[in-house]
Structure formats: C-alpha cells, structure tokens
1. Given the criteria surrounded by fewer than 13 Cβ atoms within 10 Å (Cβ to Cβ), on the phi < 0 side of the Ramachandran plot, of a type in the set (A, V, I, L, M, F, W, C) and modelled with pLDDT of 95 or more, does Val69 qualify?
2. Looking for something modelled with pLDDT under 95 and small (Gly, Ala, Ser) - is there at least one such residue anywhere in the range 4-20?
3. Just wondering, is there one or more residues in the range 54-68 that are without any contact (Cβ under 8 Å) to a residue 40 or more places away in the chain and in a loop (DSSP other than H, G, I, E, B)?
4. Contact list please: Cβ distance under 8 Å, first residue in the range 14-32 and without any contact (Cβ under 8 Å) to a residue 12 or more places away in the chain and part of a strand (DSSP E or B), second residue of a type outside the set (Asp, Glu) and near the ligand (Cβ under 7 Å from one of its atoms), pairs at least six apart or on different chains.
5. Among the residues of the range 1-24, which ones are farther than 21 Å from Asn77 by Cα and more than 6 Å from the ligand (Cβ to nearest atom)?
6. Would you mention how many residues in the range 39-62 are surrounded by 14 or more Cβ atoms within 10 Å (Cβ to Cβ) and in contact with a strand residue (DSSP E or B) (Cβ under 6 Å, 6 or more places away or on another chain)?
Amino acid sequence: MAKYKILHYKKECISCGACAAICPDFWTMDDDGAATLKESVLVDDHYERDINSEDEKARNQEAADACPVQIIKVVANEKKK
Ligand code: SF4
C-alpha cells in the first residue's frame, strides 16, 4: 500500500499555475485553465493519487504550500479495515 496520497480539490482551482511550475511531473494545466494531477482518479469531491517516496512527497508538499487557495493536500494513507 502506498505511504501517502495527494488530494486535489480541483473545482476550487484558480488556475494560477504554481503547482505545474513547481512539480511538472505530477501537475499540468488543462486546456480549460485548471490544474490536473496526472494519473489521478476522481473520488467523491476531489481527485487523488498514491505516492510512495519521500522525494515525491516533498515535491508535492512544495506545490501544496505554494497553492494560494490550499486545495492540494499531501496526507498519510490510512489503512483500510
Ligand atoms: S497551485 Fe492551486 S490554484 Fe494554482 S493551479 Fe495549482 S491547484 Fe490551481
């Protein structure tokens, strides 16, 4: 099981481009202007994808910290019962 996951509340994206500039191997800007988390899946009200390495975590945390509307979250993957 992956150690962490990235969550993206895409509907609230204001299209500033910071995440894609900081971490382009995970983030890209859509034609409609909103950011997209590459290889993510839609879960309820957000997109998410698993990550494993501390390096990936650090780079995505940097993107999360730069997001002016704080809609990127890097969280520990909780064990499912
Ligand atoms: S940093 Fe946040 S607001 Fe800016 S494009 Fe990325 S997700 Fe959207």
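The values are calculated or read from the model by the stated rules, or taken from the named source; none is laboratory data. Quick caveat: nothing in here was measured; it's all calculated off a predicted structure. A quick note on method: Cβ atoms are made from the backbone with ideal geometry, for glycine too, and the neighbour counts reach across all protein chains shown.
1. So Val69 passes the test.
2. Looking only at the range 4-20, we keep the residues that are modelled with pLDDT under 95, and these are none.
Scanning the range 4-20 turns up no residue that is modelled with pLDDT under 95 and small (Gly, Ala, Ser).
3. Checking the range 54-68: not a single residue is without any contact (Cβ under 8 Å) to a residue 40 or more places away in the chain and in a loop (DSSP other than H, G, I, E, B).
4. Thr28/Ala20; Thr28/Ala35
5. Within the range 1-24, Lys11, Glu12, Ala20, Ala21, Ile22, Pro24 qualify.
6. Within the range 39-62, the first condition is being surrounded by 14 or more Cβ atoms within 10 Å (Cβ to Cβ), and the residues that meet it are 40, 46-51, 56-57, 59-62.
Cutting the leftovers down to in contact with a strand residue (DSSP E or B) (Cβ under 6 Å, 6 or more places away or on another chain) gives us 40, 46-51, 57, 60-61.
Of the residues in the range 39-62, 10 are surrounded by 14 or more Cβ atoms within 10 Å (Cβ to Cβ) and in contact with a strand residue (DSSP E or B) (Cβ under 6 Å, 6 or more places away or on another chain).
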